[in-house]
Amino acid sequence: MRSGELRHRVAFYQRQQTPDEGGGVATSYVLHKEVWASLTPLSSSRIASMRQSGLQATHRLVMRYDQSITSEMVAEFEGRRFRIEGMQNTDERDVELVLTLVELGRDTTENL
């Protein structure tokens, strides 16, 4: 991975649940971290083959390895939100993290 390829600023949000006044739980998303990454859409043939496997991925994100990023988080790039569907620590070397993402749409909490 070359640093020049990491040209997208991606934010990761952690889900936070707090009790509300009505006795229920209010869910909000709190900024966890912003990182430089490479975000690319998958080709239509790749999307089709992944759907045959039961996966819905639409994008691939490559970033420096960071153990604090989890599949429970939501990624955001330029107002577009993504659910993390898969994570791979390339060669188990703790250098590069590759995420498969599903685009949820624009910055709307109802998609989360």
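What follows draws every value from the coordinates through simple rules; no lab data is involved. Treat the numbers as computed from the prediction; the structure is a model and nothing was measured. Positions of Cβ are backbone-derived with ideal geometry, glycine not excepted, and every protein chain shown enters the neighbour counts.
Tabulated results
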read-out	value
Sparse-neighbourhood loop sites, GluC sites (Glu not before Pro) in segment 1-87 - DSSP loop, at most 15 other Cβ within 10 angstrom	Glu21, Glu72, Glu78
Within-13-Å neighbourhood charge of Arg60 [Cβ basis; K, R +1; D, E -1]	-3
Extended-chain gain in nm, criterion 0.36 nm per residue less alpha-carbon gap, Glu72 and Met87	4.3 nm
Volume in Å³ per residue [convex hull over Cα atoms, computed for segment 3-111]	124 Å³
